[in-house]
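Q: Quick one: structure below, then a few questions.
Throughout, read-outs are computed from the coordinates displayed, never taken from laboratory work. Quick caveat, the model's predicted, so the values are computed rather than measured. Because the Cβ atoms are built from the backbone with ideal geometry, glycine has one as well, and the counts that use them run over all protein chains shown.
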Amino acid sequence: MSRQDKLSARVYAGRMKQFNETGEVYIGDSMRVDFYNDEGRHTSFLKSDSGIVNEKKQNLIAIGNVEFRERDTLYGTGFRSDVRLENWTIDKPRGSTRREYDVED
């Protein structure tokens with residue numbers, strides 16, 4: 001995935017199925033996404049059982065068991081985010097962090 005001709009995320013998958021009309025790519029048999037900042041540096045990664053990437057909307061959904069590592073490590077059962085990781089949600093989160101997050105009930 002890219003934005004403004006710069007690599008923003010690289011997706012690895014066990015299996016992929018692309019739908020050109022919607023821009024969606026369905027991923028099965030494991031998914032890993034490496035995220036990069038505007039300078040091209042690797043900043044974080046996400047692993048899950050499966051997922052959906054929408055290149056037109058520049059967002060992704062991780063399905064099943066999820067591991068997300070940025071400066072901290074969080075685990076959950078689902079994850080939704082924009083490609084910049086500015087707005088994200090992790091379902092049933094657990095793990096450790098030193099940062100403060102808003103938690104919704």
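Q: Report the extension gain between Asp91 and Glu21 in nm, rounded to one decimal, defined as 0.36 nm multiplied by the number of residues separating them, less their alpha carbon distance.
A: 22.3 nm
Q: State, as an integer percentage, the relative contact order of the chain based on alpha-carbon contacts under 8 Å between residues 6 or more apart.
A: Rounded, it is 17 percent for the chain.
Q: Only Lys, Arg, Asp and Glu count, each charged at its Cβ (+1, +1, -1, -1), so figure out the dipole size of the chain about its Cα centre, rounded to 20 debye.
A: For this selection, approximately 320 debye.
Q: Just flag the trypsin sites (Lys or Arg not before Pro) in the range 1-73 sitting in loop per DSSP whose Cβ has no more than 10 other Cβ atoms within 10 Å. Could you put the intermediate results ahead of the total?
A: Values: sites: Arg3, Lys6, Arg10, Arg15, Lys17, Arg32, Arg41, Lys47, Lys56, Lys57, Arg69, Arg71; in loops: Arg41, Lys56, Lys57, Arg71.
Filter output for the range 1-73: Arg41, Lys56, Arg71.
Q: OK, next. So what's the chain giving for Cα Rg divided by 2.2 N^0.38 Å, two decimals?
A: Ratio of Cα Rg to 2.2 N^0.38 Å: 1.04.
Q: Could you work out how much longer the chain between Asp102 and Phe45 gets when fully extended? Use 0.36 nm per residue separation minus the Cα distance between them, nm to one decimal.
A: Here the answer is 18.4 nm.
Q: Ignoring the sites themselves, what is the longest stretch of the chain with no GluC sites (Glu not before Pro) in a DSSP loop and at most 14 other beta-carbon atoms within 10 Å?
A: Here the longest segment lacking exposed loop sites spans 40-85.
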